[in-house]
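Take a look at the structure below.
The values are calculated or read from the model by the stated rules, or taken from the named source; none is laboratory data. Every value quoted in this text rests on a predicted model; they were computed, and no experiment measured them. Note: ideal-geometry Cβ built from the backbone for every residue, glycine included; neighbour counts use all protein chains shown.
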Amino acid sequence: MKLHVKKNDKVMVIAGKEKGKVSEIIKVYPKAGRVLVRDVNVVKKHEKPSAKNMEGGIISTEAPIDSSNVMLYCEKCKAVTRISKKITEDGTKVRVCKKCDEIL
């Protein structure tokens, strides 16, 4: 499955309990169609003591959300946007904001 977002993209959550938050993508799971977004969908997880974490306890961590619940965020126009692809003079393909033609 091909996704419309990549790692380190700035996105806005457009659906769910975290609607309206702007953050960046930490990890992409293309087979599942999900993305991990920084400080979005934070869940509490109980961990046993281990060599890595001696005390154990309750740990807050991000959980993946569906990629359809996020949309690319353009810094220039300060809004969510769709993208188009353009070819630059040196022949590389770049993703461009449909509203303001800014390279994302």
Restricting the range 14-24 to residues that are without any contact (Cβ under 8 Å) to a residue 24 or more places away in the chain and outside any loop (DSSP other than H, G, I, E, B), which is nearest to the chain's Cα centre (by Cα)?
-> Glu24
Among the small types (Gly, Ala, Ser), on the phi > 0 side of the Ramachandran plot and either at pLDDT below 90 or surrounded by 12 or more Cβ atoms within 10 Å (Cβ to Cβ) (or both) - does that describe any residue in the range 77-85?
-> no
Only one of Lys76, Lys99, Lys27, Lys31 is within 17 Å of the chain's Cα centre (by Cα), within 19 Å of Asp9 (Cβ to Cβ), basic (Lys, Arg) and in a loop (DSSP other than H, G, I, E, B), namely Lys31
What tally of residues in the range 40-65 results from selecting those that are in a strand (DSSP E or B) and surrounded by 10 or more Cβ atoms within 10 Å (Cβ to Cβ)?
-> 8
State which residue pairs qualify: first residue at positive phi and inside the range 45-65, second residue charged (D, E, K, R) and assigned to a loop (DSSP other than H, G, I, E, B) in any location, beta carbons under 9 Å apart, and separation of 6 or more residues or different chains.
-> Gly56/Lys48
